Amino acid sequence: MTEELPVHISRTELHSLDVPASIEAHGPFDVVFVNHAEAAHVHVHLDDALSEVATIEASNHYVNGESRRAVRVHVDEAALPAEPILGKLKIASGYGARTRWVDVELSAPPEEESAVEIDESLTRPPAPESEDSGPSLLARPELLVLALGVVALAVALVAALVLEQTAVLVGALAVLGGVFVALFLLLGG
């Protein structure tokens with residue numbers, strides 16, 4: 001999670017700045033402007049010590065009235081030395097009429113442990129897969145033949161009823177016989 005430095009603008013009076021005296025950050029952080037009155041321009045500047053490892057995309061920022069705006073302070077984490085860097089962040093409003101300095105302590109992010117806990121269940125071989133996972137049409141072709149036979153029989157019976165012809169009825173009975181023969185052969189009979 002990125003650290004934040006809250007900066008309240010015009011909370012007590014026009015262009016006033018309420019800012020914490022210091023911030024400790026491990027890598028990049030956001031300066032979050034909270035404007036309590038009309039729109040304002042705010043200037044942000046890093047001193048020389050911070051400028052060696054950190055940057056801000058722009059120094060002047062317009063903050064709409066009654067709004068919030070975050071400005072990212074980018075940190076080159078690869079350039080951070082082993083010891084923390086101490087520097088100052090300058091924040092000014094009202095075209096420099098109000099200025100506050102914030103002590104900044106930048107340090108490298110703490111190293112996270114990459115240990116992986118192994119549960120005892122991982123030391124046992126996996127259980128064989130059960131073959132009772134339900135019938136599959138590819139594993140049991142007789143089910144496919146039966147389903148297709150039922151569909152063919154239904155089509156033949158509907159045709160026999162609609163057309164009212166004996167030849168169609170005989171064809172439907174032939175389809176039924178074919179389905180029974182196919183099932184008999186598939187079941188190994």
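The values are calculated or read from the model by the stated rules, or taken from the named source; none is laboratory data. The structure presented is a predicted model; accordingly, all values stated were derived computationally and were not measured. Quick reminder, even Gly has a Cβ in these numbers, built from the backbone with ideal geometry, and neighbours come from all protein chains shown.
Here are a few things to note about the model shown:
- Within segment 53-72, tally of residues that are of a type in the set (A, V, I, L, M), under 14 Å from H43 (Cβ atoms) and part of a strand (DSSP E or B): 3
- Qualifying residues in segment 51-86 (those that are touching a Leu at 6+ places or on another chain (Cβ under 7 Å) and more than 18 Å from V32 (Cβ to Cβ)) - the one modelled with the lowest pLDDT: L80
- Segment 35-65, subset β-branched (V, I, T) and within 18 Å of A97 (Cα to Cα), residue surrounded by the most Cβ atoms within 10 Å (Cβ to Cβ): V42
- A82 being of a type in the set (A, V, I, L, M), out of contact with any Phe, Trp or Tyr (no Cβ under 8 Å at 6 or more places or on another chain), free of Cβ contacts under 8 Å to residues at least 40 places away in the same chain and farther than 13 Å from E52 by Cα: yes
- Only one entry of E13, E24 meets the criterion of being within 30 Å of E112 (Cβ to Cβ) and surrounded by fewer than 19 Cβ atoms within 10 Å (Cβ to Cβ), and that entry is E24.
- Being closer than 19 Å to P6 by Cβ, touching a Gly at 6+ places or on another chain (Cβ under 6 Å) and assigned by TED's automatic domain parsing to the domain that holds D18 is a description that applies to V75.
- Condition check for L89: out of contact with any Gly (no Cβ under 6 Å at 6 or more places or on another chain), under 21 Å from T2 (Cα atoms) and surrounded by 13 or more Cβ atoms within 10 Å (Cβ to Cβ): yes
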